Amino acid sequence: MKTIIITIAILMAVCFPTAPAEARPVPVMLSFDTERNEDVSALRRLDLRVPATYFITGQFAEQNREFVAELSRGGNTIGSHSHSHPHLTQLDAQALEYEMRKAKQALESITGKPALWFRAPYMEYNEQVMKSLKKMGFVYDSSDQDRWQRQDVLYEVPISSFMNGTMIASDYDMLYRHNATAAEFEGWLKALYREKAGLGQPVMILLHPRMAVKYPEVLRSFVTFVTKEGGSFVSADTWMSSVDAHKPKRYSVWVDFSSGSHNAEAIARNLSGLGATDVFLMARDTKGNSYFGPEGVGDDLFGKTLALLKSRGMRVHAWIPALADASALRSHPEWAMISQNGTRSAIWLSPSHPEVAAHTAETVRELLKSYRLDGIHLDDLRYPDINHDYSQTAVRDFAADNKLSSLPGVAELISSRYTAWTNWRAGEIAAFASKIRDVVKKEGGNVEFSAALSGSASVSYREAELSGQDIAVLSRHLDLLVPVAIYAREAYDEDRISHIALSIRNRAGERPVMTKLQFDASGKWSDERFSKALAGAASGSDGIGIADYRLLTEAGGSKMTDESLELLRKVFGGRQLSSIEPRASLGSIVVPQLPMMSAIFMLVLLFVMNFVAIPVFGRHAHAHTRELSISAPVSEKTWQEIDAAIVNGSLDGPAAERLSGILHQYDARKVQQNRIALVLDAISRSNDPVPELYRVLNHSQEWKALALKYFHEVCLLGYADIEEHVVRLTPSGQAMLSRAIEGGFEREQWIFVEKRLHETVALQCPHCGSENLTHFFWNSFECSGCGKKVQMGHVHHIFVRDAEESSTYTGSIDFY
């Protein structure tokens, strides 16, 4: 009987996939939790010969050093799977930190690369675990399954689930929990790929070498199948690199006509001056007021503004609320969503009532018939919460679709049938979007169809359940995805904005994404927080949007400073916040191509630099009286002596310990300030400063990428101009350099410090003689051979590795 059930499930997944017919090739990430010595022979037997991701325990790494190094050299991603594979949630803070740090050090000492990926043993974690990981320098996690994603401390690339979330893409689930045969295992893998290809989603599969080797021919057949389907196998690093390849090229503003007075000429003039490429123009509000047509508010304020915007070269999208219309409900109360206690909503329309879609479709037809639009944009395409919609139509349709013999009550829907109920609600939202899309494509041809998506729903399955927005299902009906990142609270974690963009990519693949920043009018934000928000919105996005035009104007009670507005103009003008390209063009200067470097390190630069580099000087650009203190109190004789010892190869432990103390005197802000000062200094010395900057650390590709990044930021902040192949400091750039020098910046001294921040140190343990890799920043290390903690000052001789040998080793330092 069990075999029959499994076989039927496979046939249903293959013959009746949840995905639509238009499947697209998608990337597949094979990941192996590598824990036991027997996994070495198992992986050699599998012999898959495709890039993959290996989550390795520290104990396995220490016992199989050459094998792990071989995997790393083979273009695979190496992540941590803890040190000894414990239940992490059962450890106290000290034991947890020891477990994580020991594993991280083991992997980094073997690969010479930063260990930034993590997967929790048994997929068990809590907030303490994730915060501890982040503190130690981990950036990415793969411990959730995509149907039930919930953590947002690290960037999450979840394990795939399929068959409506009932099956995890794991060999443990398929081979052991369900005891699948080889044919069943292969059938499930193919069904997984077909479903994800239909949704346009990447695939992450969790495997254990000793389990997967049970059917090695199945995985090899799966590799062949995916290749024939046009898919590819990539490491986690490569996938993240593809996410980062998305750069903002579209810059948008939402214009809300529902409050205040509005002047069409002023709107067009201001948005053109800002550099907006797209404008989302309100055609109808949630009260039911229309702003288009001769009978619309303001005598066709919509049409007048649209004409002026298009005359200035901007694309215009008609913005309407999909499921919120108080006026329609006054005329048709039967269209309303119903709450659990039977209360009829005064504003929310039920997507299950057939006349509601017809009502919205008619508005769309009228707009497309009357105006030359570039897009139709739906807002409020969601349920307001789990408390709605328990209307008779919705419950009856749910019962029919699930073949129930009687109508379920509210208690049953939110308990025993909760998962089925929330899945069905998501289907109703997607079906509504599909109906409106059909109208847009029939009446408007190439008019772009977009919708606002809950940013929280992309990072939390609970939020998705509340809103009914299953982004993976909903996005296939949209030409453009607009995740909304609400940014108001002072305690808001800025990382969450870029988490949203990454999670959207996990769910919607390569579809265009425009991240919309919504600033709560009751909140306050600094220039620094605004620049961080813009940088986060740029991460992995094809566009950036500002939710409310009124925030840009004095009449709207703008909470933006002149500097924030100026930064927004520069960003909208095309100087992107996150633009490190293999070959980047700045004005008419072509920056020499950088040799290929670690994709994961590039990503770290993008995310962290976006959050740090701009705000360091950005918020003080106009504060000419600011006192700069960017130099730590370093004795000139001390740093010059240490530099000479490094050059001569005579550096000893005590001198290295003194150097560690010097580096610790520079906090993150001082590091960022000195780096910007170094770029300004280079521009003051040369009209072609990029090669000059590269020569600071000539053999370090990481530094070249970092220098290029800072060069971009200096131009973005208006400290330098590029004209006719020549780079010059602007007056504000000259003033900033002068204040940096007054504050203690000294070029040669900083170059000495910068070099030390990038160098990898090789030293021998005085107890067992094992070679260890570390960084000058750390004044002690735990020996990878004997496990003893060793003070740097007790080491007899220290060697600096050549940058080409180990240029990517950075430990857990987060100055980058």
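The values are calculated or read from the model by the stated rules, or taken from the named source; none is laboratory data. Since the structure is predicted, the reported quantities are computational estimates derived from the model, not experimental observations. Here the Cβ is made from the backbone with ideal geometry for all residues, glycine too, and neighbour counts use every protein chain on show. Keep in mind that these areas ignore ligands, DNA and RNA; they rest on the heavy atoms of the full protein, side chains included. Shrake-Rupley method; radii C 1.70, N 1.55, O 1.52, S 1.80 Å.
Rundown of residues vs (1) without any contact (Cβ under 8 Å) to a residue 24 or more places away in the chain; (2) in contact with a helix residue (DSSP H, G or I) (Cβ under 8 Å, 6 or more places away or on another chain); (3) open to solvent by 30 Å² or more (accessible area, probe 1.4 Å), yes/no style:
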| residue | (1), (2), (3) |
| --- | --- |
| 90 | yes, no, yes |
| 93 | no, yes, yes |
| 101 | no, no, yes |
| 109 | no, no, no |
| 116 | no, yes, no |
| 129 | no, yes, no |
| 136 | no, yes, no |
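If you check 318, 358, 336, 324 for being among the aliphatic types (A, V, I, L, M) and open to solvent by 30 Å² or more (accessible area, probe 1.4 Å), only one passes: 358. Count of segment 267-287 residues, restricted to those that are outside any loop (DSSP other than H, G, I, E, B) and closer than 29 Å to residue 324 by Cα, is 9. Screening residue 386 on (1) modelled with pLDDT of 95 or more; (2) open to solvent by 30 Å² or more (accessible area, probe 1.4 Å); (3) under 35 Å from the mean Cα position of the chain (by Cα) shows it passes everything except condition (1).
Listed by position, the helices (runs of 4 or more DSSP H) enclosed by segment 200-264 that each have at least 1 residues that are without any contact (Cβ under 8 Å) to a residue 40 or more places away in the chain are 216-228. For segment 436-459, a residue qualifies if it is crowded, with 18+ Cβ neighbours inside 10 Å and among the charged types (D, E, K, R), and the qualifying residues are 437, 448.
Screening the candidates 273, 260 for the property of being surrounded by fewer than 17 Cβ atoms within 10 Å (Cβ to Cβ) and in contact with a Lys or Arg (Cβ under 7 Å, 6 or more places away or on another chain) yields one hit, 260. On the stretch given as segment 47-70, residues that are in contact with a strand residue (DSSP E or B) (Cβ under 8 Å, 6 or more places away or on another chain), surrounded by fewer than 19 Cβ atoms within 10 Å (Cβ to Cβ) and either closer than 14 Å to residue 112 by Cα or of a type in the set (Val, Ile, Thr) (or both) total 1.
Restricting attention to segment 395-409, the residues that are assigned to a loop (DSSP other than H, G, I, E, B) and open to solvent by 30 Å² or more (accessible area, probe 1.4 Å) total 7. Given 725, 794, 767, which one is open to solvent by 40 Å² or more (accessible area, probe 1.4 Å) and at pLDDT below 80? Exactly one residue qualifies, and that residue is 725. Out of the residues in segment 72-128 meeting the condition of being among the hydroxyl-bearing types (Ser, Thr, Tyr) and part of a strand (DSSP E or B), tell me which one is farthest from residue 58 (Cα to Cα). Residue satisfying both the conditions and the ranking: 77.
Here is a yes/no grid of residues against (1) closer than 23 Å to residue 649 by Cβ; (2) touching a strand residue (DSSP E or B) at 6+ places or on another chain (Cβ under 7 Å); (3) in a loop (DSSP other than H, G, I, E, B); (4) of a type in the set (Ser, Thr, Tyr):
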{"position": "728", "(1), (2), (3), (4)": "no, yes, no, no"}
{"position": "735", "(1), (2), (3), (4)": "no, no, no, no"}
{"position": "741", "(1), (2), (3), (4)": "no, no, no, no"}
{"position": "745", "(1), (2), (3), (4)": "no, no, yes, no"}
{"position": "750", "(1), (2), (3), (4)": "no, no, no, no"}
{"position": "754", "(1), (2), (3), (4)": "yes, no, no, no"}
{"position": "761", "(1), (2), (3), (4)": "yes, yes, no, no"}
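Scanning segment 636-687 for residues that are assigned to a loop (DSSP other than H, G, I, E, B), open to solvent by 70 Å² or more (accessible area, probe 1.4 Å) and over 24 Å from residue 704 (Cβ atoms) gives 665, 667.
Scoring residue 740 on the criteria (1) buried (at least 18 other Cβ atoms within 10 Å of the Cβ); (2) out of contact with any helix residue (DSSP H, G or I) (no Cβ under 7 Å at 6 or more places or on another chain); (3) modelled with pLDDT of 85 or more leaves a single failure, condition (2). Checked against (1) modelled with pLDDT of 95 or more; (2) among the aliphatic types (A, V, I, L, M); (3) farther than 27 Å from residue 49 by Cα, residue 133 meets all criteria but (1). Residue 464 meets each of the listed conditions (1) open to solvent by 10 Å² or more (accessible area, probe 1.4 Å); (2) touching a Phe, Trp or Tyr at 6+ places or on another chain (Cβ under 6 Å) apart from (2).
Taken together, 374, 379 contain a single residue that is touching an Asp or Glu at 6+ places or on another chain (Cβ under 9 Å), at pLDDT 95 or above and surrounded by 16 or more Cβ atoms within 10 Å (Cβ to Cβ), which is 374.
Every condition in (1) in contact with a Gly (Cβ under 9 Å, 6 or more places away or on another chain); (2) open to solvent by 10 Å² or more (accessible area, probe 1.4 Å); (3) at pLDDT 90 or above is met by residue 542 except one, and the failing one is (1).
Looking only at residues of segment 226-284 that are among the small types (Gly, Ala, Ser) and under 18 Å from the mean Cα position of the chain (by Cα), we find that the one that is farthest from residue 571 (Cα to Cα) is 235.
Filtering segment 184-198 to residues that are open to solvent by 10 Å² or more (accessible area, probe 1.4 Å) and in contact (Cβ under 8 Å) with a residue 40 or more places away in the chain leaves 184, 187, 190, 194, 195.
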